[in-house]
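Engineer: Okay, handing you the structure first.
What follows draws every value from the coordinates through simple rules; no lab data is involved. Being a predicted model, the structure only gives us computed values, none of them experimental. Cβ atoms come from the backbone with ideal geometry, glycine included; neighbour counts cover every protein chain shown.
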Amino acid sequence: MIKLIECPRDAMQGIPGFIDTAIKAAYINQLLEVGFDTVDFGSFVSPKAVPQMRDTAEVLELLDLHHAKSKLLAIVANVRGAEDALHFPEIDYLGFPLSVSETFQQRNTNASIQEALETVETIQNLCETKGKKQVVYLSMGFGNPYGDPYSPELVAEFVEKLADLEIETVSLSDTIGVASPELITQLFAVQTQAFPQIEFGAHLHSRPDRVSEKVLAAVKGGCQRFDGALKGFGGCPMAKDELVGNLATETVIETLEKAGYELGLKKSELAEAMKLTGFVFTS
């Protein structure tokens, strides 16, 4: 079974104009109707760092969760953010960005990799106390533009540390869209075989014309969950090519269904979400 994680948070966070709280909530409520396994709906981070997400708590209050089967995920960048997120019983997952690149870890969370690993451990303990789960995103998991050390073996060292902390879900992240299909398959195959107790996901960025081949490469390697954003909105602010964005969820769905996977989505609700996507991101 392959899980789909829809990421409106990632799609919205780089939009310069503030999206009204009610519009955000209406959009996420529609996404909850589709049947995604999880919706990455917001983040508890500094409003100075990500002003678009300053209303995450208010958005949460407006979500209709009575019939929703999707789980909710919120991104945090430090222990304080985790503590804020854990005040809300509706949130199932806390996502933390741990980078394979020292430079990007500093830029992204203003901390060293060692400090970030200590944060992961603290958040894991908090999650276990509150009955939540932590998803660790291995940023720059397929290479980095800074000249920092990188190799598949280095990724494996990071995963081993996460396994020691009893992290159950790790998402390998191609933050700048550099991964080749060959590397994607290799990386997932090695990790899924070495750490069968961990559920591995893919948070890939890609040019639109390469989404399908990257999805199939990850599946071939044993990937069990995919992050996407409808129409491919969002991506790394440092990506040099504006076409390198999130995987377009509709392309991921089409690719997986053609490969024979049943995803259990409500297509009529998906169509409505697609219409709303155009309104939310272009109005």
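Engineer: Work out the length of the dipole vector of region 27-148 about its Cα centre, built from +1 on the beta-carbon of each Lys and Arg and -1 on the beta-carbon of each Asp and Glu, and round it to the nearest 20 debye.
Structural biologist: Around 80 debye, computed over region 27-148.
Engineer: Convex hull over the alpha-carbon atoms of region 74-282: what's its volume per residue in Å³? Could the numbers behind the result be given before it?
Structural biologist: Numbers: hull volume 28.0 nm³, N = 209.
Output value, Cα hull per residue: 134 Å³.
Engineer: While we're looking at this one, here's another question. Could you give the length gained on full extension between residue 266 and residue 165, defined as 0.36 nm per residue of separation minus the Cα-Cα distance, in nm?
Structural biologist: Full extension from residue 266 to residue 165 adds 32.7 nm.
Engineer: Collect residues whose amide H, placed 1.01 Å from N in the peptide plane, falls under 5 Å from the amide H of residue 169; neighbours closer than 5 in sequence don't count.
Structural biologist: The list, which skips near neighbours in sequence, is 136, 199.
Engineer: Only loop residues by DSSP count here, and only those with at most 10 other Cβ atoms within 10 Å; note down the trypsin sites (Lys or Arg not before Pro) in region 245-276 that meet that.
Structural biologist: none
Engineer: Looking only at GluC sites (Glu not before Pro) in DSSP loops with at most 10 other Cβ atoms within 10 Å, what is the longest site-free stretch of the chain? Mind dumping the intermediate values first?
Structural biologist: Details: sites that count: 242, 262.
With a cap of 10 other Cβ atoms within 10 Å, the longest stretch comes to 1-241.
Engineer: If you don't mind, there's one more thing I want to ask. Identify the trypsin sites (Lys or Arg not before Pro) of region 56-88 meeting these criteria: DSSP loop state and at most 15 other C-beta atoms within 10 Å of the C-beta. Please report the intermediate quantities before stating the final value.
Structural biologist: Working: sites: 69, 71, 80; in loops: 69.
The qualifying sites are 69.
Engineer: Here's a follow-up. Taking amide H atoms as placed 1.01 Å from N in the peptide plane, list the residues 5 or more away in sequence, or in a different chain, whose amide H sits under 5 Å from that of residue 3.
Structural biologist: Close amide H contacts, sequence-distant or interchain: 225, 226.
Engineer: Which order do 88, 44 fall in if you start with the one that has the fewest other Cβ atoms within 10 Å?
Structural biologist: Listed from fewest to most nearby Cβ atoms, that is 88, 44.
Engineer: Across region 74-282, how many lysine pairs, 8 or more apart or on two chains, come within less than 16 Å at their alpha-carbon atoms?
Structural biologist: Working: 214/258; 220/258; 231/267; 231/275; 258/267; 266/275; 267/275.
Total qualifying Lys-Lys pairs in region 74-282 comes to 7.
Engineer: Going toward the positive end of the dipole of region 74-282, with +1 on Lys and Arg Cβ and -1 on Asp and Glu Cβ, which of 208, 127, 196 do you reach last?
Structural biologist: 208
Engineer: Any chance you could get the radius of gyration and Dmax over the Cα atoms of region 1-83, in Å?
Structural biologist: Gyration radius and largest Cα-Cα distance of region 1-83: 12.5, 39 Å.
Engineer: Further, regarding this structure: Treating only the Cβ of Lys, Arg, Asp and Glu as charged (+1, +1, -1, -1), what charge dipole size does the chain show about its Cα centre? Round to the nearest 20 debye.
Structural biologist: Computed about the Cα centre, the dipole is about 500 debye.
Engineer: I've got another one for you. Over the chain, what relative contact order in percent results from Cα pairs under 8 Å that are six or more residues apart? Could you put the intermediate results ahead of the total?
Structural biologist: Working: 537 pairs, mean separation 57.4, N = 283.
Reported relative contact order: 20 percent.
Engineer: In whole Hz and in residue order, list the ³J(HN,Hα) couplings for region 185-191 that follow from phi through the Karplus curve 6.51 cos²θ - 1.76 cosθ + 1.60, θ = phi - 60°; x for Gly and Pro.
Structural biologist: Whole-Hz 3J(HN,Hα) from phi for region 185-191: 4, 4, 5, 5, 4, 5, 5.
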